[in-house]
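Here's the structure, in structure tokens; my notes come after.
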Amino acid sequence: MEDLLKIEYTNNISGLLLNPFMVKITISESNKLVTKNRYISYLVGTSETTRTSRFNEWLAGLIDGDGSLLISKKGNPSCEITVNLYDEKMLRIIQNQLGGNIKSRSGVKAVRWRLHNNNGIIDLIQRINGNIRNTNRLKQLHHLCSKLNLPIINPIPLTLNNNWFAGYFDADGTISYSFKNNNPQLYIGVTNKLLQDVEHFNLLGGKIYYDRTQQGCYKWQIHSQEEIEKFTKLIISFSHKSHRLKLIPQFYYLKSLKSYSYDISSANYKNWLKFENKWKS
């Protein structure tokens, strides 16, 4: 059994639920039931324009974290998004909206979506222009716009209901817990090499600190139950980490019972183990 003294899971394993704003996309038979039953009530009264806007904000956040906007040596524009193999469904949703192709990356457990036709790139830019904030990605967007004679829109001010947070969190976010003084501590965070690329999350509270490991990076984190529950409520409808986000109330309930500290034969401890198995699935 895995060591219970320190358990930490990162964004390498994400929930695979479909985003609610994508319910009209053609999807496989195996996913229709999940989409229809889980999200139909959420979409009542939501206009197509609003759903598209939410998707575009989420897409910009994902590109800021896991994407690249490129121009080849021959002058051809393209966009690539590379994610963990577990997150392929995100790329399928994007492909249904924008086209492009999806291929596995050889030698690594990753999959890449690539769009490389001019009309598709123009459509993409029109969707994400004004919502790209990552320092490197914004520079790449400027190059693409210059190449295609398109106006560049500076990043619009972020608000709490902007789905950019969910997209960036799906790319570079972490939901983890570890034991400290025999007590499980949950935290949520995002990481980036540049301070200015995590400072956007200050809008949600929490703190930013510098981590000297892995060649140095900046980490934004929240630890308090109040901040975590507020953040969860903000992004749970759009994030592909919804599987773990939905387990957070169960985590705090079992923590309040101290189920993790009971004898291994007790019902309380068995419930804690069931929670751990759900968390890792």
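The values are calculated or read from the model by the stated rules, or taken from the named source; none is laboratory data. No experiment lies behind these values; they were computed from the predicted model shown. Using ideal geometry, Cβ is built from the backbone for each residue, glycine included, and neighbour counts are taken over all protein chains shown.
Only helices (runs of 4 or more DSSP H) whose full extent lies in segment 222-281 are considered here, and the ones with at least 2 residues that are modelled with pLDDT of 95 or more and under 19 Å from Lys180 (Cα atoms) are 225-235, 248-257, 267-280. Restricting the first member to segment 41-55 and to residues that are over 14 Å from Trp164 (Cα atoms), and the second to residues that are assigned to a loop (DSSP other than H, G, I, E, B) and at pLDDT below 50, the beta-carbon pairs closer than 6 Å and six or more apart or on different chains are Leu43/Val23. Do we find that Phe251 is out of contact with any Asp or Glu (no Cβ under 8 Å at 6 or more places or on another chain), farther than 25 Å from Arg133 by Cβ and touching a residue at least 24 places away in the same chain (Cβ under 8 Å) in this structure? Taking the combined requirement at face value, the residue satisfies it. Checking each residue of segment 23-46 against the condition of being assigned to a loop (DSSP other than H, G, I, E, B), modelled with pLDDT of 60 or more and of a type in the set (D, E, K, R) gives no match. Condition check: part of a helix (DSSP H, G or I) and under 27 Å from Val198 (Cβ atoms). Does Ser53 satisfy that? Spelling it out, Ser53 is indeed part of a helix (DSSP H, G or I) and under 27 Å from Val198 (Cβ atoms). Taking into account only those residues within segment 212-226 that are out of contact with any helix residue (DSSP H, G or I) (no Cβ under 7 Å at 6 or more places or on another chain) and touching a residue at least 24 places away in the same chain (Cβ under 8 Å), which is surrounded by the fewest Cβ atoms within 10 Å (Cβ to Cβ)? Only one residue tops the list, namely His223. Scanning segment 184-211 for residues that are farther than 12 Å from Ile228 by Cα and touching a residue at least 24 places away in the same chain (Cβ under 8 Å) gives Pro184, Val190, Thr191, Asn192, Lys193, Leu194, Gln196, Asp197, His200, Phe201, Leu203.
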